[in-house]
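Participant: One structure, as structure tokens, below. Some questions next.
The values are calculated or read from the model by the stated rules, or taken from the named source; none is laboratory data. As the structure is a computational prediction, the values presented were derived from the model and not from experiment. Quick reminder, even Gly has a Cβ in these numbers, built from the backbone with ideal geometry, and neighbours come from all protein chains shown. Heavy atoms of the whole protein, side chains included, go into the accessibility calculation; ligands, DNA and RNA do not. Shrake-Rupley method; radii C 1.70, N 1.55, O 1.52, S 1.80 Å.
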Amino acid sequence: DVGLKSLAAIRKAGAEVFVPQGQVCCGMPAYAMGDIPTARSMALKNLELLEGVDADFIVTSCATCGHGLKHLMADLFEDTPELKARAEKVASKTRDISELLIKELGYKAKGATGAKRVVTYHDPCHLGRAQGLREEPRDLLKMGSGVVLKEMKNPCLCCGLGGGLMYNNYGLSMEIAEKKAENIKNSGAEIVATACPGCIVQLRDGLHRFGVKDVKVCHVVELI
């Protein structure tokens with residue numbers, strides 16, 4: 001649904017969009033687990049595919065993938081100047097979906113109509129901290145039909161997934177998630193939106209585990 005909503009939003013903004021076949025994982029999960037050779041091989045496959053695409057921009061709706069394409073890919077080829085230069089060229093075209101819609105395509109929506117839905121926003125670490133994109137997803141939310149944005153306490157606090165922590169140390173991951181669940185609950189929002197599929201998985205798990213079962217978790221593009 002996130003992918004389809006992303007494609008629809010880009011088309012609504014007046015741009016042509018297509019999905020090149022043959023893409024693989026961006027390599028961030030392998031990198032986070034210390035498997036550098038696998039991360040590098042994935043990055044190389046994507047590099048060869050994406051640099052052959054005649055497009056003005058490369059867009060993703062995943063904060064982690066965006067960080068992977070913008071920063072990690074070039075870092076993985078640090079010891080190979082020719083590959084690093086090619087990766088930097090791909091990186092220069094890469095945009096997060098919110099960044100593309102707001103900054104490049106001038107996306108406009110009808111704004112708040114119909115029943116009001118109180119929405120709070122969670123800043124993914126790989127979007128806010130790594131890419132410096134904090135206002136763009138919020139700007140999109142404010143365009144959502146019937147959406148009222150209400151900030152939670154410490155929206156940039158990690159959800160606990162960070163770098164595969166959920167898999168390596170589930171106990172610590174849930175300690176962090178409990179703080180996030182409490183902040184979401186106290187915001188009074190009925191929906192928590194974010195811009196990272198990994199965060200979505202973690203937030204749903206944390207909210208369920210800590211009894212905040214009446215709050216829906218979704219991606220920003222699902223609300224515009």
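Participant: So how tilted is helix 197-209 from the main axis of the chain? Cα-based, degrees 0 to 90, rounded to 10.
Facilitator: 30
Participant: When ligands, DNA and RNA are left out and all protein chains stay put, how many square angstrom of accessible area per residue does region 51-129 have with a 1.4 Å probe? Mind dumping the intermediate values first?
Facilitator: Values: 3710 Å² over 79 residues.
I get 47 Å² per residue for region 51-129.
Participant: Please state the charge dipole magnitude for region 1-68, taken about the Cα centre, from unit charges on C-beta atoms (+1 on K and R, -1 on D and E), reported in debye and rounded to the nearest 20. Mind dumping the intermediate values first?
Facilitator: Values: 5 positive and 7 negative charges, 42 e Å.
Once rounded to the nearest 20, the dipole reads 200 debye.
Participant: Starting from the amide H of T94, placed 1.01 Å from N in the peptide plane, find each other amide H under 5 Å away whose residue is 5 or more places distant or on another chain.
Facilitator: It is I58, by chain and number.
Participant: Related question: I want the local charge near R138. Using Cβ-Cβ distances under 12 Å, sum +1 for each Lys or Arg and -1 for each Asp or Glu among the other residues.
Facilitator: Working: positive: R134, K142, K150; negative: D123, E135, E136, D139, E151.
Cβ neighbours under 12 Å give a net charge of -2.
Participant: In nm, what is the difference between 0.36 nm times the number of residues separating H208 and D56 and their Cα-Cα distance? If you can, show how the numbers build up before the last one.
Facilitator: Values: separation 152, 0.36 × 152 = 54.72 nm, distance 4.09 nm.
Separation in residues times 0.36 nm, less the Cα-Cα distance, equals 50.6 nm.
Participant: Which of the following values of Cα extents along the principal axes in Å was calculated from the structure shown: (1) 70, 33, 29; (2) 72, 61, 47; (3) 51, 44, 26?
Facilitator: (3)
Participant: In addition: Counting only protein heavy atoms and using a 1.4 Å probe, what share of the accessible area of the chain belongs to carbon plus sulfur, as a whole percent?
Facilitator: On the way: 5790 of 11050 Å².
Taking all protein chains in place, the chain shows 52 percent carbon and sulfur surface.
Participant: Run the numbers for E16 and N186: contour at 0.36 nm per residue of separation, minus the present Cα-Cα distance, in nm.
Facilitator: Working: separation 170, 0.36 × 170 = 61.20 nm, distance 4.10 nm.
Stretched out fully, the E16 to N186 stretch lengthens by 57.1 nm.
Participant: Still on this structure: Obtain the radius of gyration and the Kirkwood radius of region 1-105 from its C-alpha atoms and give Rg over Rh. Let's see the in-between values first.
Facilitator: Values: Rg = 13.7 Å, Rh = 14.1 Å.
A ratio of 0.97.
Participant: Further, regarding this structure: Determine ³J(HN,Hα), in whole Hz, for all residues of region 137-144 in sequence, where each value follows from phi through the Karplus function 6.51 cos²θ - 1.76 cosθ + 1.60 and θ = phi - 60°; x replaces Gly and Pro.
Facilitator: Taking θ as phi minus 60°, the curve returns x, 5, 4, 5, 4, 5, 8, x Hz for region 137-144.
Participant: If you filter region 3-60 for GluC sites (Glu not before Pro), then keep DSSP loop positions with at most 13 other Cβ within 10 Å, what is left?
Facilitator: Values: sites: E16, E48, E51; in loops: E16, E51.
For GluC sites (Glu not before Pro) across region 3-60 that sit outside H, G, I, E and B with at most 13 neighbouring Cβ atoms in 10 Å, the list reads E16, E51.
Participant: In terms of modelled amide H atoms, which long-range or inter-chain residues lie less than 5 Å from the amide H of C196?
Facilitator: A63
Participant: Compute the angle between helix 36-50 and the longest alpha-carbon principal axis of the chain, please, reported from 0 to 90 degrees and rounded to the nearest 10.
Facilitator: So the helix axis and the longest Cα principal axis differ by about 80 degrees.
Participant: Could you pull out every residue, at least 5 positions away or on a different chain, whose amide H is within less than 5 Å of the one on L149? Hs are placed 1.01 Å off N in the peptide plane, and Pro or chain starts have none.
Facilitator: Those lying under 5 Å, H to H, from L149 are V119.
Participant: Once you list every other residue whose beta carbon is under 11 Å from the beta carbon of K213, what net charge do they have if Lys and Arg are +1 and Asp and Glu are -1? Provide the component values of the computation, followed by the final result.
Facilitator: Values: positive: K185, R204, R209, K216; negative: D214.
Its environment carries a net charge of +3.
Participant: OK, next. Read phi for every residue in region 76-90 and hand back ³J(HN,Hα) as whole Hz from Karplus 6.51 cos²θ - 1.76 cosθ + 1.60, θ = phi - 60°, with x for Gly and Pro.
Facilitator: Residue by residue, region 76-90 yields 5, 10, 4, 8, 10, x, 5, 5, 4, 4, 5, 5, 5, 5, 5 Hz.
Participant: Where does the charge balance sit around V147 when Lys and Arg score +1, Asp and Glu -1, over other residues with C-beta under 9 Å from its C-beta? Intermediate values should be presented prior to the final figure.
Facilitator: Details: positive: K116, R117, K142; negative: none.
Around V147, the charge tally is +3.
Participant: Residue separation times 0.36 nm, minus the C-alpha to C-alpha distance between R134 and L172: what's the value?
Facilitator: Length gained, R134 through L172: 11.1 nm.
Participant: Ok, one more. Which whole-angstrom value gives the distance between the alpha carbon centres of region 172-224 and region 19-36?
Facilitator: Taking the Cα centre of each part, region 172-224 and region 19-36 sit 25 Å apart.
Participant: What ranking of C125, C218 comes out by heavy-atom accessible area, probe 1.4 Å, highest first? Could you put the intermediate results ahead of the total?
Facilitator: Numbers: C125 45, C218 5 Å².
So, going from the largest accessible area down, we get C125, C218.
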